[in-house]
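S.K.: Let me give you the structure first, and then I'll get to my questions.
What follows draws every value from the coordinates through simple rules; no lab data is involved. Computed from a predicted model, the values in this text were never measured in an experiment. All Cβ positions, glycine included, derive from the backbone under ideal geometry; neighbour counts span all protein chains shown.
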Amino acid sequence: MAQRTLACTGCHGPQGKSGPDGYYPRLAGKPAGYLYKQLRNIQDGRRHYALMEGLLAPLSDAYLREMANYFAALDIPYPPPSAQSTNPTLLARGQTLARKGDAALQIPACVQCHGTALTGVQPNTPGLLGLPRDYLNAQLGGWQTGQRKAHAPDCMAAIARRLSDADVHAVSSWLASQTVPQNAHPAKSKPALAAGAAAIDCGSAP
């Protein structure tokens, strides 16, 4: 499979540890369910990137699952975070959104779905740490504009549309500035919702 995924690692970096330009995200260690869903989302037109659409078009569902399982099993250390804004007000707002959300704006905390350590939750939720700020901004923007979609209920689209441009910048800057914990792995279950925290019902749809 390492040989068969060279078309992937050419952009996503050796063993899927992420590309050098901040545009291609890490694949290694992401939950297999999440990786499989993104491959299907691209194949089915819910997520758009022409190069990957062409690469994935002829592949079977079983092959997509095999690819997802391969990358999910890779356990590779994360690099240190790149330098980010040192604006304390900006980073404090980003931390608040990530850890507590904003109940007044009906924005749930990132940790509600992505795990207390923000390293993802099995089987379908990715980690948010270790991703470049530009990539995070691009994905949130994609949900805001409808360029990126998921099966209904599309929770991230609803959340992203409640974020102002300033809040997108704040939360992406804070997330990108965080060091990934050693031996980070997706959690087995989501944390309990804190009292008074904003919530969103994502249902059980894939």
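S.K.: Can you tell me the convex hull volume per residue for the range 108-158, based on C-alpha atoms, in Å³ to the nearest whole number?
M.R.: 84 Å³
S.K.: Also: Mind grabbing the base-10 log of I(q)/I(0) for the chain at q = 0.09 Å⁻¹? Debye formula, identical points on the C-alpha positions, no solvent, two decimal places.
M.R.: Treating every Cα as an identical point scatterer, log10 I(q)/I(0) equals -0.33.
S.K.: Order of 123-135, 15-27 by packing, highest average Cβ count within 10 Å first?
M.R.: Taking the mean over residues of other Cβ atoms within 10 Å, the ranking is 123-135, 15-27.
S.K.: Ok, one more. Treating only the Cβ atoms of Lys and Arg (+1) and Asp and Glu (-1) as charged, compute the dipole magnitude of the range 6-72 about its Cα centre; round to the nearest 20 debye. Don't skip to the end; give the middle numbers.
M.R.: Details: 8 positive and 5 negative charges, 47 e Å.
Charge dipole of the range 6-72: 220 debye, to the nearest 20.
S.K.: Kindly identify the range 88-177 as rounded, prolate or oblate by the Cα gyration tensor criterion: order the square roots of the eigenvalues as a ≥ b ≥ c, call it rounded if a/c is under 1.5, otherwise compare a/b with b/c, prolate if a/b is larger, else oblate.
M.R.: Rounded shape, in that the Cα axes give a/c under 1.5.
S.K.: For Thr116 paired with Lys190, estimate the spin-label separation in nm (one decimal), with each label point 7 Å from Cα along the Cα-to-Cβ line.
M.R.: Using points 7 Å along Cα→Cβ, the separation is 1.6 nm.
S.K.: Also: Between Asn87 and His48, what FRET efficiency comes out of the Förster formula 1/(1 + (r/R0)^6) with R0 = 41 Å and r the beta carbon distance, rounded to 0.05?
M.R.: 0.80
S.K.: Once you have a ≥ b ≥ c as the square roots of the Cα gyration tensor eigenvalues for the range 6-72, tell me rounded if a/c is under 1.5, and otherwise prolate or oblate according to whether a/b is larger than b/c.
M.R.: Because a/c hits 1.5 or more and a/b fails to exceed b/c, the range 6-72 counts as oblate.
S.K.: Taking the Cα centre of the chain as origin and charging only Cβ (+1 Lys, Arg; -1 Asp, Glu), how large is the dipole, in debye to the nearest 20?
M.R.: 200 debye
S.K.: Return the calculated 222 nm mean residue ellipticity for the chain, to the nearest 500 deg cm²/dmol, obtained by summing -39500 (n - 2.57) across DSSP H runs with n ≥ 4 and dividing by the residue count. Intermediate results must be reported in sequence, preceding the final value.
M.R.: On the way: 9 runs with 87 residues, N = 206.
Helices in the chain give a 222 nm mean residue ellipticity of -12000 deg cm²/dmol.
S.K.: I need the shape label for the range 65-121. Rule: rounded when a/c is under 1.5, else prolate if a/b > b/c, else oblate, with a, b, c from the alpha carbon gyration tensor.
M.R.: On the way: a/c = 3.64, a/b = 1.55, b/c = 2.35.
Judged from the Cα gyration tensor, the range 65-121 comes out oblate (a/c at least 1.5, b/c at or above a/b).
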